[in-house]
Amino acid sequence: MVFPNLLSSGGTRIHFTQLPTFPACAALLGVVLLGAVLLVAGCEKETTTFIPTPGTVEQYQRYCSVCHSDKRTGAPLAGDRQAWDERVDKGMQIMMTSTIEGMGNMPPLGLCFECSRDEFEALINYMHAGDFEQ
């Protein structure tokens with residue numbers, strides 16, 4: 001079988017004397033599928049560390065750490081990515097509503113009446129992806 005449009009690097013035509021066998025096709029398909037699986041596996045959520053401003057750390061220590069550093073309170077621990085992933089995956093708007101209105105044992109605004117919306121968002125990001133020793 002000759003494919004006239006297929007030329008080797010030297011300009012000569014490539015001749016196929018026989019078609020690929022089933023085992024060769026199956027092996028090639030296996031390699032392609034394995035590559036696809038590895039590609040998809042590499043697309044997991046990226047984990048990053050949130051680098052806070054000094055003001056965010058100070059607000060965390062003053063208002064949030066009382067509950068978010070003690071597992072007895074039932075609040076998600078700062079730095080516990082799995083616990084925070086479950087919450088953050090619902091969206092920042094839902095997180096902000098829970099923060100502003102209060103939720104469970106958390107009082108409205110986490111008692112930080114001076115915190116702005118941007119500061120609350122920074123505090124949530126810090127507790128979610130900050131570097132904390134558990």
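Of all the residues in region 100-134, those that are under 14 Å from GLN59 (Cα atoms), within 25 Å of the chain's Cα centre (by Cα) and of a type in the set (S, T, N, Q) number 1. Tally the residues that are charged (D, E, K, R) and either part of a helix (DSSP H, G or I) or touching an Asp or Glu at 6+ places or on another chain (Cβ under 9 Å) (or both), restricting the search to region 69-100. Of the residues in that region, 6 qualify. Here the condition is being modelled with pLDDT under 60, under 19 Å from ASN125 (Cα atoms) and part of a loop (DSSP other than H, G, I, E, B); of GLU46, GLU114, it holds for GLU46 alone.
The values are calculated or read from the model by the stated rules, or taken from the named source; none is laboratory data. Bear in mind that the values here come from a model prediction, so they are computed numbers and not experimental data. Cβ coordinates were reconstructed from backbone atoms using ideal geometry, including for glycine residues, and neighbour counts include every protein chain displayed.
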